[in-house]
Structure formats: structure tokens, C-alpha cells
Amino acid sequence: MDRNGYNKSILATTAGVCYVCGSNCETARHEVYEGNGTRALSKRYGLWINICPSCHQYIHEHPKSDKAVDLKDDARAAFIAAGHTPAEFTRIFITGNIKWWEIDNG
């Protein structure tokens, strides 16, 4: 975990390359799940990407767009590919049965 509380992303993301549009530019981190206490969970489980300012704004302004939904689908697939089950994903990110303060940071 880095000093900002991020574990390594489990998504194929590279600093300076937008995950969404592929442009080479200055990027920022975007937590795929960011509401209702899931921002810390995204950081903990590596569900974040590097994203350009334009795509970042678009994702926030259009959370039900194909781009935003595809991003969440990618994150779910990466979470399962990393050895978690679909039930774990649902429990942690969808139903909210786990809270950020219950996470084992060890």
C-alpha cells in the first residue's frame, strides 16, 4: 500500500495512459467504486485506474454510461480473476455488508 492508501491496481492500468480512451497524457487515479464507503474498498482491493481529465469528468457526469458500466464490469472481472468469488464481490461492493473499517490492512 502506498502512502495515499492505494494497493497496486489489479486492472491493466499505466500511469500516463488513460485506461478509458488510451491517450498518452497526464492521468489521475480513479477508484472504480467510490460511493457509499466503497472508495476505501476500491483502494484496498486495487480497483482503480489511471484516467485522463476528460474521461474522468465524463465518468462522473454519466455514471450509467457504457464507459462507466464497462469500467465496473472490468473491475468485477479483475476481482474474480484475482481469486475472489462473485459472492465476495457482491457482499463487499454491492450489498455493503462490509465496511471500510472492517478491512484487514495487514
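Overview of values
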| item | result |
| --- | --- |
| Reciprocal of mean inverse Cα separation for the chain (Kirkwood radius, Å) | 14.0 |
| Amide H within-cut-off set for Val20, under 5 Å, with H built and near neighbours excluded | Cys52 |
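Bear in mind these aren't lab numbers, they're just calculated from the coordinates by the rules spelled out. The model shown is predicted, which means the values in this text are computed figures rather than measured ones.
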